[in-house]
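Report on one structure; see the data block that follows.
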Amino acid sequence: MKPARRTEGLVVTELMGEVLVYDLERHRAHCLNPAAAVVFKHCDGTRSVEELAALLGRELGGPADPDCVWLALDHLGRARLLRQRVSRPKEAGRLSRRELARRLGIAVLLPAVTSLVAPTSAEAAASCVNDCTGKPFGTPCYSISPINCSTNGCCCDGLGACTLCGVSPTPCIS
């Protein structure tokens, strides 16, 4: 098994040992910690899990453990950053992040992928609302004039009303 990362539709930026990957198709941002970043970087379809483990151990100065790579591949696969999602062999059993941390005793080597949804440009442009029903606290809003939305200091109170930010329950009048 030689897993390969996706290369199309992604914007990849390295930031102080971590890697930020933005998926243009799904509008999701993924932050890869150093361990996941090493696996992602070298996951080019030419290396086996064992070879990736050796690279991970060499680059991060820890044990070359294939289970770390399998965990990274699982996270990368769930984030849809691999060409094809790969599965750990059934005979190897199931492995949790907690079990691996207990066994290795080095949390920094455990791969992690943190993901969040980014709004599309249309959603971002339409983020100022005049009806706060069901909107979370802090959503920009207006009561009378949408022109004043960004400058009037009004936001949804999380209870369905548009109020002056931080001065609830004063109603917001633009």
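The values are calculated or read from the model by the stated rules, or taken from the named source; none is laboratory data. What you see is a predicted model, and the numbers here were worked out from it, not measured in a lab. Positions of Cβ are generated from backbone atoms using ideal geometry, with glycine treated the same way; all protein chains shown enter the neighbour counts. Just the protein is used for accessible areas: all its heavy atoms, side chains included, with ligands, DNA and RNA removed. Shrake-Rupley method; radii C 1.70, N 1.55, O 1.52, S 1.80 Å.
Filtering the stretch 55-65 to residues that are surrounded by 16 or more Cβ atoms within 10 Å (Cβ to Cβ) and in a helix (DSSP H, G or I) leaves Leu55, Leu56, Gly57, Leu60. In the stretch 1-16, of all residues being surrounded by 11 or more Cβ atoms within 10 Å (Cβ to Cβ) and among the charged types (D, E, K, R), the one that is farthest from Pro89 (Cα to Cα) corresponds to Glu14. Of all the listed residues (Cys141, Cys68), the sole one being at pLDDT 65 or above, touching an Asp or Glu at 6+ places or on another chain (Cβ under 9 Å) and open to solvent by less than 40 Å² (accessible area, probe 1.4 Å) is Cys141. Could you look through the stretch 17-45, keep only residues that are out of contact with any Lys or Arg (no Cβ under 6 Å at 6 or more places or on another chain) and in a loop (DSSP other than H, G, I, E, B), and pick out the one that is most open to solvent (accessible area, probe 1.4 Å)? Residue satisfying both the conditions and the ranking: Glu25.
Contact map, the stretch 71-88: first residue closer than 16 Å to Leu32 by Cβ, second residue open to solvent by 100 Å² or more (accessible area, probe 1.4 Å) and of a type outside the set (Val, Ile, Thr), Cβ cut-off under 8 Å, separation 6 or more or different chains; pairs are Gly77/Arg85; Arg78/Arg85. For Pro111, are the conditions met, namely being assigned to a loop (DSSP other than H, G, I, E, B), modelled with pLDDT of 70 or more and either of a type outside the set (Gly, Ala, Ser) or within 24 Å of Val19 (Cβ to Cβ) (or both)? Against the criterion (assigned to a loop (DSSP other than H, G, I, E, B), modelled with pLDDT of 70 or more and either of a type outside the set (Gly, Ala, Ser) or within 24 Å of Val19 (Cβ to Cβ) (or both)), Pro111 does not qualify.
What about Ser168, is it at pLDDT below 55 and in a loop (DSSP other than H, G, I, E, B)?
When the stated conditions are applied, Ser168 passes them.
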